[in-house]
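Before any comments, here is the structure.
The values are calculated or read from the model by the stated rules, or taken from the named source; none is laboratory data. A quick note: this is a predicted structure, and the numbers were derived from the prediction, not measured. Here the Cβ positions follow ideal geometry from the backbone for every residue, glycine too, while neighbour counts run over all protein chains shown. Ligands, DNA and RNA are excluded from the accessible area calculation, which covers all protein heavy atoms including side chains. Shrake-Rupley method; radii C 1.70, N 1.55, O 1.52, S 1.80 Å.
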Amino acid sequence: MEHYDLIVIGGGPSGYAGAMRALDFKKKVLLVEKKRIGGAGVYDGVLTSKTLWELSQKVSSIREMIPDYKIGFDEISKVLKEAVFERKTQMTVHLQLLQHQTNLFQYDKGTASFIDKNTILITKEDGTSKKVSADNILIATGSRPRYLPNIAIDEKIIMTSDGIKNLTEMPESLVVLGAGVIGCEFATIFSNFGQTKVYLIDKADRILPFEDEDVADIVGDSLEKQGATIHHGASLKRMEEKNGKVEYELEYKDGKTEVITVDIALVSVGRVANVEHIGLETVGVKLNERGSVWDDDTQTNISNIYVAGDATTEMALVNVGEREARHAVVRMFGPTIKPLSYQNISTIMFLNPEVASVGMSEQDLNKKGIAHKVVKLDYSTNARAIAMRKTKGFFKIIVTNDSGMRILGMRAVGEHASSAIQAVAYLISTNQGIKELADMMHPHPSIIEGVQECLRMLLGKSIYKPYVFKDKLKCYVCENGTCTPIDTLA
Ligand SMILES: Cc1cc2nc3c(=O)[nH]c(=O)nc-3n(C[C@H](O)[C@H](O)[C@H](O)COP(=O)(O)OP(=O)(O)OC[C@H]3O[C@@H](n4cnc5c(N)ncnc54)[C@H](O)[C@@H]3O)c2cc1C
């Protein structure tokens, strides 16, 4: 039986990153993947949805000039296939070359399951199997869409994000169940293409309930302007296939009900960790209350078994999964390191407009009763946004309510918003003040200048003055549940 320093179960972004990190420590590694290298990072997840979003943004821009412009689903499928092919080829060729260049790395295709805490059984598609052993094992088996017990999902007419690839033509109408990030992303994508009447079922009073109201409002308004209908405060009574279409019934808070028929439905109600059939119970690996693998800073209750990525469902994001896997490997083979922090992780939501965020929101701070100062700058003041003719959006920076003005959080909502977030994320993670970034020479015209102008506003030296452009530059202090506008915070 072949013995390794590390066996990684699952070749999605987390497993891949963990396996590569172990090679830096000159460790002998086996990566086992049951289906396709890349996981949801490439298929049915990030890459496919982001390729669709990018394409839909382009189509939306073209439609601003040529309202009748249409793109066929065959063209969309072709672009999707190209993107997936490029990424999967790159990742696979990298593994193949690694196998040739170092005898430390092995890749095996098959389904891995625990025999004991050091031994894994790999079962191949043809039914053959083999045993391998390792000092350490990293579980990176990922997640899959959550199904609801009363909705029959066939991935053709009623589908999850996994079923989007099965579409062959643009639907005339679509209902999205779930107004979280993935649901809103797909509602945005199909609205952008401009050929589908989109309905979004939102059981709360507003979409993106974990985000600040101003963020949710701008995204909701934009969806509605594109012709989407958002069923706010609606609970789904039933959703079923009828004569090749989808019929769903909603009940609103006032007791009113409504029945609507659409071409297809997308059920987007979260994800569940892949924890079954891996033999976790055989070795006694504990699960948490959410049904995913329990961990203490990536280590499970069995000391040589670690977990990373969606299998923990700590935060289902590629950057988080990769980081966890790399962290787990350093814990196995490297020097002692500080526990991972899940605070201040930068995220992008691919909506219309794009939303980038890091750190705490105003909503979080108000709930926790933490006093803070806020500066908000309208996108229309940014020269790059004007040049792009995309002036919808805002920058918002939240700092401590003291003279130190440490950054607590930031939200940027607008075209290329994600390009503005990382500098602020760096300031937060290194606990630095705002002065250096405010005084730095930024390229012009650039979106990041919006952040600079916010920081200057905090320091009382912005170019546009908040007491002149009151609708475009806002400063306020929030304390004990009350927010008071002020002309300048300096
Ligand atoms: C529609 C959508 C959009 C998303 N957009 C973003 C985004 O914009 N940004 C972002 O950061 N994240 C995004 N995500 C989340 C992201 O896709 C996941 O967080 C990420 O893929 C998790 O990586 P992972 O390696 O932990 O799991 P996965 O990607 O799920 O990979 C797990 C792998 O393990 C394999 N496996 C499972 N069991 C076994 C076994 N027993 N033996 C061998 N192999 C096994 C699976 O086949 C799979 O390949 C999105 C997800 C979805 C669904």
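Things to note:
- Close pairs from segment 283-303: first part of a loop (DSSP other than H, G, I, E, B), partner charged (D, E, K, R) and modelled with pLDDT of 95 or more, Cβ under 7 Å, at least 6 apart: Trp294/Lys286; Thr298/Glu324; Thr298/Arg331; Thr300/Lys286; Asn301/Lys286; Ile302/Lys117
- Candidate set: segment 31-67, residues that are closer than 17 Å to Glu415 by Cα and of a type in the set (S, T, N, Q); chosen: the one farthest from the ligand (Cβ to nearest atom): Ser61
- Segment 396-419: number of residues that are part of a helix (DSSP H, G or I) and either buried (at least 22 other Cβ atoms within 10 Å of the Cβ) or more than 22 Å from the chain's Cα centre (by Cα) (or both): 1
- Listed by first and then second residue, the pairs linking a residue in segment 209-235 that is polar (S, T, N, Q) to a residue that is open to solvent by less than 20 Å² (accessible area, probe 1.4 Å) and not in a helix (DSSP H, G or I), with Cβ atoms under 8 Å apart and 6 or more places separating them unless they lie on different chains, are Ser222/Leu351; Ser222/Pro353; Gln226/Val198; Thr229/Val198; Thr229/Leu200; Ser235/Leu250.
- Filter result (open to solvent by less than 60 Å² (accessible area, probe 1.4 Å) and either farther than 13 Å from Val176 by Cα or free of Cβ contacts under 8 Å to residues at least 24 places away in the same chain (or both)) within segment 236-249: Gly244, Glu247, Glu249
- Looking at Met315, Met349, just one residue is near the ligand (Cβ under 10 Å from one of its atoms), surrounded by fewer than 16 Cβ atoms within 10 Å (Cβ to Cβ) and under 25 Å from Asp202 (Cβ atoms), and that residue is Met315.
- If the condition is being among the acidic types (Asp, Glu) and open to solvent by 10 Å² or more (accessible area, probe 1.4 Å), then segment 199-210 contributes only Asp205.
Each row is one residue, and each column tells you yes or no for (1) of a type in the set (Phe, Trp, Tyr); (2) free of Cβ contacts under 8 Å to residues at least 60 places away in the same chain; (3) assigned to a helix (DSSP H, G or I).
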{"position": "Ile421", "(1), (2), (3)": "no, no, yes"}
{"position": "Asn431", "(1), (2), (3)": "no, yes, no"}
{"position": "Ala438", "(1), (2), (3)": "no, yes, yes"}
{"position": "Pro445", "(1), (2), (3)": "no, no, no"}
{"position": "Arg456", "(1), (2), (3)": "no, yes, yes"}
{"position": "Lys470", "(1), (2), (3)": "no, yes, no"}
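- Matching entry among Ser380, Ser357 (being in the same structural domain as Met410 (by TED's automatic domain parsing), open to solvent by less than 50 Å² (accessible area, probe 1.4 Å) and more than 16 Å from the ligand (Cβ to nearest atom)): Ser380
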